[in-house]
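Below: one structure, written as structure tokens.
The values are calculated or read from the model by the stated rules, or taken from the named source; none is laboratory data. This is a predicted model, so every value here is computed, not measured. Note that we place each Cβ from the backbone using ideal geometry, even for glycine, and neighbour counts take in every protein chain shown.
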Amino acid sequence: MKHDRTSAPRLHFFGATGTVTGSRFLLETTHARVLIDCGLFQGLKPLRLRNWGPFPVDPATIDAVVLTHAHLDHSGYLPALARNGFRGPVYATAGTQALAGIVLPDSAYLQEEDAEYANRRGFSKHTPALPLYNRADAERVLAQFRGVAFFEATEVTPGIRATFLPAGHILGSAMVLLTVDGPRPRTILASGDLGRPHHPILTPPADPPAADYILVESTYGDRDHNDAAALQQFEDVIVRTAGRGGTVVIPSFAVDRTEVILLHLRHLMQEQRVPRLPVYVDSPMALAALAVYRRALTLGGLEIRPELVGTDPFDPGTLIEAHTPEDSKAINDVTAPCIVISASGMASGGRVLHHLARRLPDERNAVLLVGYQAAGTRGRTLLDGARELKMLGRYIGVRAEVGSVPAFSVHADRREIVAWLKRAPRAPDTLFVVHGEPPAATALHDAVEAELGWTAAVPRHLEVVRVD
């Protein structure tokens with residue numbers, strides 16, 4: 001492909017700087033352009049508007065994409081990139097391919113549905129409201145995926161090889177080591193989203209290989225998870241809510257988070273620490289992802305904890321799968337205590353909005369936030385104590401109890417990230433701290449300099465650095 005070539009390898013920070021979302025990093029050499037991740041910006045409106053602006057380089061000039069995992073903030077812009085001219089391969093692990101095949105069409109469907117709903121109800125500022133991309137765009141880019149195996153170097157474009165290593169974040173998630181050939185070969189390691197050492201389903205992240213440059217996430221770079229206290233809060237909220245005859249609504253990321261929550265609910269109910277309540281999973285994407293996880297546990301493999309191979313730890317015995325819109329609407333008629341798990345995890349869209357609109361005004365109910373809530377999302381607004389929440393074109397009063405359980409996050413915390421970095425064979429020339437809001441990125445930057453003595457930087461949006 002023809003485009004202006006750089007005289008030395010450069011790394012462009014097109015996203016995930018000053019924010020957790022919008023993962024997009026472009027490696028540019030004299031011969032190629034390789035995009036590391038291609039995610040959606042989420043949260044604050046100025047960030048979301050970036051999804052609608054022109055991509056910083058012509059998508060047609062990008063030779064390949066390497067994808068760390070299937071979460072939308074890492075993969076969700078791919079259909080728009082392909083619609084706007086990208087025709088190269090997308091390299092991803094088998095697990096990521098399977099989940100992206102669910103996540104991307106579902107994202108397109110939700111955008112189409114939201115645009116149609118806004119047009120029908122007349123609350124959009126745009127006439128007509130349009131989706132960022134449609135299901136045909138999603139299916140088109142899925143045809144460009146190419147599978148890669150863990151630990152095997154793959155030439156993604158002439159002169160650049162990628163090695164995918166398990167990241168322990170969600171099924172298929174990887175850190176990616178890019179090796180750039182030349183008189184002085186260079187290596188760049190992108191952590192993607194780094195999992196935790198004690199994920200209940202997945203094996204721990206692989207140790208970081210030697211690299212000249214490292215990009216590390218910092219979602220929780222300014223805090224350490226208190227797992228025991230958070231899990232106790234999870235249990236207490238369920239017991240309290242059931243005791244007052246209410247419903248627990250859990251906005252949940254459809255991929256991995258729903259599986260982790262179901263696993264913990266099964267344990268709590270078996271131990272009789274919470275009542276045996278009906279558990280509704282109301283998200284077609286979450287149910288499709290659950291099927292992928294069940295299949296992975298049947299097959300086993302290096303990602304899956306050995307003790308779980310051949311088991312199905314996700315059904316607490318009261319699981320009810322809501323597949324159709326009619327199934328979803330029927331949940332609103334349930335008056336007895338129950339638990340409703342529904343996407344999206346930051347309450348930014350999807351079926352969970354209808355459950356929140358139905359349950360938030362009633363003080364008997366509770367909402368449990370079980371993961372990171374980006375600034376500008378409804379989840380973050382609830383976390384910050386809002387007494388009203390705008391959704392579906394109107395304001396809803398918040399009378400329900402709101403609890404936060406960050407221990408369910410499958411992002412490594414500050415202590416775990418630093419411990420992972422310490423296992424690197426040598427210090428990189430530079431560590432780039434990305435995927436974090438400013439306080440978290442700055443805190444991790446300072447911790448790395450203080451505890452490891454490495455050169456670290458927090459890149460700015462659209463910043464370019466040489467990596468020769």
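Numbers for the structure displayed
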| quantity | calculated |
| --- | --- |
| Yes/no for residue 123 being modelled with pLDDT under 95, at negative phi and assigned to a loop (DSSP other than H, G, I, E, B) | yes |
| Residue list for region 19-39, restricted to those being in a loop (DSSP other than H, G, I, E, B) and either surrounded by fewer than 24 Cβ atoms within 10 Å (Cβ to Cβ) or in contact (Cβ under 8 Å) with a residue 60 or more places away in the chain (or both) | 19, 20, 21, 23, 29, 30, 31, 32, 37 |
| Search result, residues across region 55-92 that are within 23 Å of residue 289 (Cα to Cα), out of contact with any Asp or Glu (no Cβ under 8 Å at 6 or more places or on another chain) and in a strand (DSSP E or B) | 90, 91, 92 |
| Unmet criterion (only one of (1) surrounded by fewer than 18 Cβ atoms within 10 Å (Cβ to Cβ); (2) in contact with a strand residue (DSSP E or B) (Cβ under 6 Å, 6 or more places away or on another chain); (3) under 27 Å from residue 275 (Cβ atoms)) for residue 367 | (1) |
| Selection from region 428-451 of residues that are assigned to a loop (DSSP other than H, G, I, E, B) and surrounded by 16 or more Cβ atoms within 10 Å (Cβ to Cβ) | 428, 435, 436, 437 |
| Test for residue 368: is it in a strand (DSSP E or B) and within 12 Å of residue 251 (Cβ to Cβ) | yes |
| Index of the failed condition, residue 410 passing every other in (1) within 24 Å of the chain's Cα centre (by Cα); (2) in contact (Cβ under 8 Å) with a residue 40 or more places away in the chain; (3) not in a loop (DSSP other than H, G, I, E, B) | (3) |
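For every residue, the table says whether it meets (1) β-branched (Val, Ile, Thr); (2) under 22 Å from the mean Cα position of the chain (by Cα); (3) within 23 Å of residue 235 (Cα to Cα); (4) at pLDDT below 95.
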site: 264; (1), (2), (3), (4): no, yes, yes, yes
site: 273; (1), (2), (3), (4): no, no, yes, no
site: 276; (1), (2), (3), (4): no, no, yes, no
site: 281; (1), (2), (3), (4): yes, yes, yes, no
site: 284; (1), (2), (3), (4): no, yes, no, yes
site: 294; (1), (2), (3), (4): no, yes, no, no
site: 297; (1), (2), (3), (4): no, yes, no, no
site: 304; (1), (2), (3), (4): yes, yes, no, no
site: 309; (1), (2), (3), (4): yes, no, no, no
